[in-house]
Structures are given as structure tokens and as C-alpha cells.
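Remarks on the structure that follows.
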Amino acid sequence: MKLVCMHCGNPFEGENTKFCSHGCRDSYIVSIEKRVREAVETDSSHTRKLSRDF
């Protein structure tokens, strides 16, 4: 079954996975952690900022 990677958008073969490689999975996790950290540290209303980013 053809799937699309959540990080890079490349199609790949697989089942029950959201990323084409461990590198894409790790990069995606780092990017989400960075966005959460930035939103929480500078904005008292961080839920509003997070909802705009996604």
C-alpha cells in the first residue's frame, strides 16, 4: 500500500507507519518539540498560537 510520509511528503510502501524513514520520524518529532517550546515560552496564550501553527 502506498503511503505518504508526514514529514517530507514522499510516497513509500508500508503498513501502519506514518514516516518513510527513522530520520523523517526523528526530524518531525524535533520540529514539533521546537514549536511547542517556542509557543509556551513567549506566549501566555500558547494554545492559540499552537492552533495557528497546525
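Any read-out appearing in this document is the output of simple, stated calculations on the displayed coordinates, not a laboratory observation. Note that the structure is a prediction, hence the values are computed from the model and not measured. Counting neighbours? That spans all protein chains shown, and the Cβs are built from the backbone with ideal geometry, glycine included.
The table for this structure:
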read-out	value
Residue-span extension gain [Arg37 to His22] - 0.36 nm each, minus C-alpha spacing	3.2 nm
Within-11-Å neighbourhood charge of Met6 [Cβ basis; K, R +1; D, E -1]	+2
